[in-house]
Every structure is written in structure tokens, then in C-alpha cells.
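Readers should treat all values here as calculations from the given coordinates under stated rules, not as data from a laboratory. Please read all numbers here as calculations on a predicted model, not as lab measurements. FYI the Cβ positions are ideal-geometry reconstructions off the backbone, even for glycines, and counts take in every protein chain you see.
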Amino acid sequence: MSEPLPSDHDAFGDAHKRAYARANGSLPGGVTAGARANASLGFPFYVSRASGSTVFDIGHRPYIDLVTSNGAALVGHGHPRINEAVTQALNEGMACAYDGPAQIELAERLCDAIPSFERVRFTTSGTEATFYAIRLARAATGRTRIIKFEGHFHGYNNPLAFSMWPSPDPAISGPLGSPRAMPETSGLPPSSFAEVTVVPFNEPEILLKTLDVIGHETAAVILEPINYDAGCVVPDPGYLELVRRETEKRGIVLIFDEILSGFRTGVSGAQGYFGVTPDLSTVGKALGGGVPLSAFGGRADLMSVLSPTGPAIHTGTYNAHLIPVRAGIAFLDVISDPDFYPEVLRLSNILHTELRKAFASAGLPVRVQGLGARFAMYFGLEPDVQVTRYRHAATYDRILHRAWAKEMVKRGVYTTPVWHHGISAAHSESDILEIASRAFDSARAVMGSKVAQSN
């Protein structure tokens with residue numbers, strides 16, 4: 001049985017609350033990004049350092065990491081090859097706003113790895129990558145409308161900041177056949193609402209009807225080929241093939257947003273895994289090995305619409321900076337090892353199995369489902385029923401999830417009440433079994449609290 005951290009958990013909370021109070025004096029909400037406000041703790045989880053499969057809080061307490069930087073730390077925190085690459089870039093002078101052999105090498109290797117990449121360009125964040133992919137699709141087609149899917153996340157740029165995690169209630173989000181475009185942020189111009197259409201994922205008839213009506217004015221259809229941002233909703237058999245066929249028939253640019261799904265199932269991403277090649281795609285998160293790096297790429301004729309060969313501008317002083325480019329090359333070196341994916345996927349499958357056992361033994365209803373190195377925990381849903389639709393996923397019990405996540409942090413596993421989790425190549429089998437053991441104890445604590453409250 002795992003016990004809460006030997007250090008007094010109130011002291012843990014006090015240290016973070018002091019840091020939170022200080023941070024609020026200079027940072028809105030005490031954080032540098034809104035998502036870092038931890039709903040299960042009531043204050044941010046501040047980290048002092050990280051190594052391998054472990055993060056250390058500001059009191060230097062270790063935690064097995066189940067968040068892995070939202071998927072960015074696929075090779076682990078501070079991987080030696082990534083560190084060496086960053087040091088090499090430092091020694092080379094970190095010149096920015098220049099291209100050279102490193103940028104060319106990374107571009108060549110990504111074009112070799114990603115089926116849709118005939119040409120590629122670099123950005124820092126995933127939001128930038130999807131923004132430029134949309135701009136490129138509009139420039140290439142002369143159309144403006146975008147079709148996106150309910151529950152799919154593509155960053156917070158204006159054209160796409162809709163219906164990422166809308167309510168499953170039709171009274172709020174509209175009927176399944178014609179969902180409303182629900183804004184995920186304030187500050188959007190009216191034109192953004194007018195130029196986006198939302199459809200449900202894995203509903204072919206609804207997509208076909210939508211395309212029949214607005215296909216002629218649609219520049220792009222964009223989707224997550226594995227909908228990790230709603231946990232782990234995979235496409236039904238034949239669905240991606242249908243989307244590919246129907247968009248091609250209508251001259252619509254098909255974009256796979258693989259910022260998160262890229263490199264989870266293999267070097268070629270979800271598009272390689274499913275054998276469906278889009279016109280454009282984005283990759284990021286894991287690509288930099290923990291250093292900020294994203295990319296978008298696709299067909300050569302589409303990419304030629306970008307400046308300087310075409311009228312669609314893409315440029316930036318820090319695009320393809322030497323540090324992330326060197327890190328990206330090192331990342332590809334690491335994941336190209338023949339043993340990398342078999343071991344990561346083996347451990348991921350063990351974790352999924354052990355978590356199912358832990359929740360079942362504790363009597364806590366949780367649906368655990370994953371693909372590759374990322375997975376979902378749908379608290380309160382039937383453990384044996386596959387989640388295949390966003391509106392099903394969105395009915396999961398967030399309060400239960402928050403309670404469990406808080407118990408896990410008490411027991412030295414860092415997790416948050418968000419849609420997706422995952423491990424890294426730095427996690428060992430003993431890490432996996434320890435996570436499962438602490439998951440069981442945390443689930444029992446939650447169940448005990450529920451019983452106490454009912455009495």
C-alpha cells in the first residue's frame with residue numbers, strides 16, 4: 001500500500017500557496033499559462049526541476065510524472081541526447097533568423113518520416129502551426145470557411161477557438177446534427193463565428209450532408225486523427241478514409257492536426273498508423289524533446305503558396321531557432337532506435353491494464369482507454385464501454401477525477417484532472433507498477449470519502 005508523502009501535505013500546500021501569492025503579484029492568476037491553474041489542488045503545482053520520469057516540486061519532493069508536459073516529454077525530462085544537442089547549439093552561437101545545415105537536415109528528416117510532408121516549415125507553438133495551416137489552405141483555395149470537429153483542439157487562434165470542450169447538452173451546444181460553434185475564449189471577432197462550421201466526429205452521414213451544403217465554400221477540414229484532447233477517441237473504421245475521399249473530391253484541403261498525436265504510435269504519426277495521408281499536417285509537442293518546436297507541412301504544390309515562392313506570408317525571427325532545431329534532430333535520433341517504440345508501447349499497455357485493475361479493485365468506475373503513448377481516464381463512465389463519440393466522453397465525472405488527482409499528488413504521482421495523460425521512454429516498469437499501486441490507494445480514498453459523505 002502506498003501512503004501519502006512522508007512530508008506533511010499541509011506543508012506542501014503552504015509552500016505552493018506562498019509561491020502562488022508571490023506569483024500573483026506579477027503574473028495574472030499566478031501562472032504563465034491559464035491551463036497551469038490546477039483545479040484539483042486549488043493552486044498551481046510549481047516545479048523546481050525535472051529528470052527522466054520525475055518532476056520535483058518547489059520543496060524538492062519527487063513525483064512520478066503522469067502528465068509528461070502535456071505530451072512534450074515523450075523521451076523523458078532532460079534526456080542526455082537532447083541536452084547534448086542544446087549544448088551544441090549554445091556552442092555554435094545560437095544565431096537566430098538564419099538558416100543553415102541543421103535546419104535543412106531537420107526538414108529533410110521530417111519529410112522522410114511524415115507521409116504528408118513533401119515540404120515543411122517551422123513554428124514555435126502548435127497554435128502558430130495550425131494558424132499557418134489554415135492561412136495556407138485559404139490562400140490556396142480562395143475560400144474562407146473552415147470545418148472543425150466537436151471536441152477537437154487546435155490551439156487558440158481565432159479561426160479555430162471553438163467547440164474544443166463544449167457541453168454535451170444539446171440545449172447548450174445544439175443538436176448533434178448541427179452543433180453550435182461554441183467560443184472557447186472571449187475577444188473573438190464576429191467574422192470568426194461566421195467562417196467556422198462544427199460537426200461531430202465519427203458521424204459520416206452528418207459530415208456528408210454538411211459538405212453537400214457548404215463544401216463549395218470550404219477551404220479546409222481540420223481534425224485530430226486521434227482525438228486525444230477529448231481523452232482518446234479513435235476514428236471508427238473507414239471514417240478517416242471517407243473524410244479523405246470526400247475532401248479530395250471537393251477540392252477541400254484536409255489537415256491532420258498531429259501536434260499531440262504525432263510520434264505517439266510511431267515515427268510516422270497517426271497518419272502513418274492509419275494509412276491515410278492528408279494534404280497538410282502539423283506536428284509539435286514531443287518534436288523538440290522538451291524544447292519549444294512545432295512544424296506544418298504537406299504537398300509541395302500547397303507549400304509553394306508560402307512566401308517567398310507564393311503570396312501567403314510565413315516568417316519570423318525565431319522560427320527554426322538553432323536550439324529547438326538541434327533538439328528536434330536529437331529527438332528523431334532517439335525515437336529512431338529500433339527498441340524505442342516497442343518498449344514505450346509495451347509499458348503503456350501495461351499501465352492501461354494495471355490502472356483498469358486498480359480502479360476495478362477499488363470499486364471506482366473509470367473507463368481507461370488508450371492508443372500509443374497517450375490515454376484517457378473517463379471517471380464515472382462504464383469501464384467496459386468504448387468511448388467513440390465526444391458527447392459521450394464529455395459526460396465523464398470531473399468532480400470525481402479532481403478528487404482522485406488530488407489524492408495522487410498526495411501520494412507522489414503528478415497528475416491533473418485533464419483529458420489525456422501518458423508516460424515517457426524514461427519511465428520504468430517499476431514506475432508503472434508504482435503508479436498503479438498509488439492509483440488503487442487514491443481510488444480507495446475517494447471511495448471512502450464518498451461513503452462518508454453519503455452517511
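In table form, for the structure just shown:
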quantity	calculated
Ranked list, fewest to most other Cβ atoms within 10 Å of each Cβ, for Ser48, Ser442, Ser167	Ser48, Ser167, Ser442
Angle between the chain longest axis and helix 322-335 axis [Cα atoms, degrees, rounded to 10]	70 degrees
Footprinting exposure proxy for Ile206, Ile134 (fewest neighbouring C-beta atoms within 10 Å first)	Ile206, Ile134
Estimated distance in nm for a label pair at Lys249 and Ser437, the labels positioned 7 Å out from Cα along Cα-to-Cβ	5.6 nm
Degrees between helix 398-410 axis and first principal axis of the chain (Cα, 0 to 90, nearest 10)	60 degrees
Helix 126-141 vs. the chain, principal-axis angle (Cα, 0 to 90°, nearest 10)	20 degrees
Fewest-first sequence of Glu118, Glu224, Glu382 by Cβ atoms within 10 Å of each Cβ	Glu382, Glu118, Glu224
Listed pairs Lys17/Lys406; Lys17/Lys410; Lys357/Lys406; Lys285/Lys357; Lys148/Lys285; Lys17/Lys285 exceeding 23 Å between Cα atoms	Lys285/Lys357; Lys17/Lys285
For the chain: rounded, prolate or oblate by the Cα gyration tensor [a/c cutoff 1.5]	oblate
Within the range 80-335: Cβ-based charge dipole about Cα centre, in debye rounded to nearest 20 (Lys, Arg +1; Asp, Glu -1)	340 debye
Protection proxy ranking of 324-337, 286-299 - average other beta-carbon atoms within 10 Å, highest first	286-299, 324-337
DSSP beta bridges in the chain [antiparallel fraction, %, rounded to 5]	60 percent
Protection proxy ranking, peptides 425-432, 159-166, average beta carbon neighbours within 10 Å, highest first	159-166, 425-432
Computed magnitude of the charge dipole of the chain (debye, nearest 20; Cβ of K, R +1, Cβ of D, E -1)	900 debye
